[in-house]
Amino acid sequence: MKSKKVESKPNIILNFFSSVKLAITLFILLAITSIIGTVLPQGESLQFYLENFGPTSFKIIKGLELYDTYHSWWYLSLLGLFSVNLVVCTIRRLPYTLRLYRKDALNLSLDELARRPFKKIWNLPKAAPDENLVSRIKSVFEGIGGKVRNRKDVQGGNLYLIEKGKWNYWGVYFIHVSILVIFAGAVFGSFAGFKGRIMLLEGETTDHAFKRDEAGNISKIPLNFSVKCNKFKVEFYPNGAPKLFQSDLSIIKGGKEVRKKSILVNDPLSYEGVTFYQSSYESLPEIEIKIISPDGKERRLSLSAFEKAMWPETGMVIGLIKYLPNVHGSPAARIYIGDPSGNGDALWLLKGHDKDYKIGDSVFRISLVRGGEKYMTGLQVKKDPGVWIVWLGCIMLVLGFGVVFWVPHERYWLWIGRDGQGAKVILAGQTTKNKVAFEKRFNKIGKEMEKITGEI
């Protein structure tokens, strides 16, 4: 009774990690999760996902860390497992490839030559081929191009070989290495780089971006230079949807402007590895109020959100709390008036309706002159030092696929000698791909040789 062969544990592990099924499964999973990471907004606060996706989806997003997909433990695990799969496949296949690459294509018998996919045989009415005939046939054969190798005394004759594209064997390894390079670049850029945001009004300058973590905490990211918004332009369609938003930016370093560009969506500005993308905009209310003192003197103050203005005559501070563009057909604003000690009042102003405000025994008349909006540009700031590694991997990947799919391994054999019946010429060929084109070239060479042999 034959004993059943039991596969050893190391072989089971190697077979698992070198499995094509595993590679396909991992590739599909990485593709799906990459789609999720592209569609689902990344890097927002957990509160953002709770408010926009609901409690049920929020649990999934938080549990699987989908808010930061490309840094999540399971995504990095998939990349690591796929990398291990590629490495193990490469190592296990390498000895076989080396044997094929080192195999001497001149080490053939006439029987093996006759079994090549493409072959032509000419029996000559001579006892043996003369030097003139050999020279003419070799000349046609050498016209194929490539280095001609020769092996003498092969069953009564000489065997010649032209071999092209032998390095085709290494194309698949080039693809494997390029994928690993892409993974390495992506992981390196993900951890060594950063992604943040900047909001700027026209004329504002900043030397840092802001990053928000999943808990909603905001931290500063220094840029090592300053970026200034010289001008921001936004246009709308008739239905109110944004048509265009454009920022005119300047990069300032050492007190000098070193770079200037107008950026649009998909047309960013890059400097020292940091890229600024036009990603959004925000509208901010801006109003102008008029104050008339008891003696009839008039003062005008401009108020914007997040800013305060000083009322010099009184030492009071005025700020904008809320702005409504349309209240019964007119703009309205709620303002704050406070003294240095912290005491203050809030009052509503409606355009066209003055209000009296009393400070001590003095009565001031306050009115809303105009109200409107100004815009802040929203910039996404990204630094990815691994991008050049990724680009290198992509170039390698394209070259690898080019070798695998478009570079054939072609071999042409020519044997000239004498067998038991007299002089004989054998032309044989073999290719790994594009057999139609190879057959055309092979037949063209055969016709030229047939002309020579037909003259005898």
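Some notes on this structure:
- Filter result (closer than 21 Å to Glu163 by Cβ and either among the small types (Gly, Ala, Ser) or part of a helix (DSSP H, G or I) (or both)) within the range 401-427: Gly402, Val403, Val404, Phe405, Trp406, Gly417
- Meets criteria (buried (at least 18 other Cβ atoms within 10 Å of the Cβ) and either among the aliphatic types (A, V, I, L, M) or assigned to a strand (DSSP E or B) (or both)) for Ile289: yes
- Test: residue in the range 252-261 that is more than 21 Å from Arg370 (Cβ to Cβ), in contact with a Phe, Trp or Tyr (Cβ under 8 Å, 6 or more places away or on another chain) and acidic (Asp, Glu): no
- The residues of the range 104-148 that are assigned to a strand (DSSP E or B) and either over 19 Å from Gly446 (Cβ atoms) or not aliphatic (A, V, I, L, M) (or both), listed by number, are Phe118, Lys119, Lys120, Trp122, Asn123.
- Unique residue being in the same structural domain as Lys435 (by TED's automatic domain parsing) and either loosely packed, with under 14 Cβ neighbours inside 10 Å or free of Cβ contacts under 8 Å to residues at least 24 places away in the same chain (or both) when the list is Lys126, Lys59, Lys138, Lys119: Lys126
- Test: residue in the range 324-342 that is of a type in the set (Ser, Thr, Tyr), surrounded by fewer than 17 Cβ atoms within 10 Å (Cβ to Cβ) and out of contact with any Lys or Arg (no Cβ under 9 Å at 6 or more places or on another chain): yes
- Within the range 369-388, restricting attention to residues that are surrounded by fewer than 19 Cβ atoms within 10 Å (Cβ to Cβ) and farther than 30 Å from Gly196 by Cα, the residue that is farthest from the chain's Cα centre (by Cα) is Val369.
- If you filter the range 355-368 down to residues that are in contact (Cβ under 8 Å) with a residue 40 or more places away in the chain and closer than 19 Å to Gly329 by Cα, you find that the one that is surrounded by the most Cβ atoms within 10 Å (Cβ to Cβ) is Leu368.
- Residue within the range 226-238 that is assigned to a strand (DSSP E or B) and of a type in the set (Val, Ile, Thr) present: yes
- The listed residues are Trp413, Trp391, and the only one of them that is aromatic (Phe, Trp, Tyr), modelled with pLDDT of 90 or more and surrounded by 19 or more Cβ atoms within 10 Å (Cβ to Cβ) turns out to be Trp413.
- Filter pass, Tyr277 being more than 30 Å from Gly342 (Cβ to Cβ), surrounded by 17 or more Cβ atoms within 10 Å (Cβ to Cβ), out of contact with any Leu (no Cβ under 8 Å at 6 or more places or on another chain) and not charged (D, E, K, R): no
- With respect to the stated conditions, Ser45 fails to be modelled with pLDDT of 90 or more and surrounded by 15 or more Cβ atoms within 10 Å (Cβ to Cβ).
The values are calculated or read from the model by the stated rules, or taken from the named source; none is laboratory data. Everything numeric here is computed off the predicted structure, so don't read it as measured data. As a convention, Cβ positions derive from the backbone with ideal geometry for all residues, glycine included, and neighbour counts pool all protein chains shown.
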